[in-house]
Structure formats: C-alpha cells, structure tokens
1. Please find, among 53, 58, 35, 46, the residue that is over 26 Å from the mean Cα position of the chain (by Cα) and of a type in the set (Asp, Glu).
2. In the set 33, 47, which member is within 30 Å of residue 3 (Cβ to Cβ) and either part of a helix (DSSP H, G or I) or not acidic (Asp, Glu) (or both)?
Amino acid sequence: MDRKFHLAQELGIPSRQVAIWYQNKRARWKSQSLEMGYATLQQRLESVLIDNERLEKEVQRLNQELENVRQMLVASTSTSNSYACDEEGNSGLINGEPSSCFHRELYACLIGNNERQL
C-alpha cells in the first residue's frame, strides 16, 4: 500500500488509479498465464491423439496377425499326421498337437510378417 501511495504522489494521480493499474496488471498476467496453459494443453492433446491413432493401428495390425496365426493353427491341426517336417520324419503333429518343428515354422512365419510390415 505504501508503494502505491508513493507512486501516486510521484505521478500526481490518485492512489485509487494506481491501485486499479496494479489490478489490471494482475488480470493481464493471469490471462496470459491461462492462454499459455491452454496452448500447452492443446499441444499435449494433439500429441496424445496422434499416439492414440498410432496405437489403434498397432492393435489392428496385431489382431490381424493373431487371426493369421489362428488360421495357421487350424490349418495345421486339420492336416494328416503324415505331414513331414524335416529329414528325420518328424511330423507336424505329435499326439494331435503341433510339434516343435511346427512352432519353429510358425515363429519364422511371424518374424517374416513383422519384417514386411515394418
């Protein structure tokens, strides 16, 4: 209050006018601060929306890959037990379950899919 009074005396204006000047200055500062905060939030929102879109595409790609693997598993279990996998005569199915050879083939297929989509 003392500072405002001295300023008013030096400038030759009423102290109420100095008080209003300070009040307006605080209001401008608050408004600018809110505008900066809003701009920051807008940038964050845009970034999150871009990440969300990227993640949705990744989920779609992974769901498609999962569907492809399921189809491969269905196809492999519907083949006969005489399916030859390697030179030793290991079959693609052992007791109705895919063999480790099938798992290696499946893994190789998945790795191949990933490399093509990257």
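Bear in mind that the values in this text are calculations on the coordinates, not laboratory data. In this text the structure is predicted, and so the values were computed from the model without any measurement. Ideal geometry is used to build each Cβ from the backbone, glycine not excepted, and the neighbour counts take in all protein chains shown.
1. Being over 26 Å from the mean Cα position of the chain (by Cα) and of a type in the set (Asp, Glu) holds for just one of 53, 58, 35, 46, which is 35.
2. Values: 47 fails: within 30 Å of residue 3 (Cβ to Cβ).
Among 33, 47, only 33 is within 30 Å of residue 3 (Cβ to Cβ) and either part of a helix (DSSP H, G or I) or not acidic (Asp, Glu) (or both).
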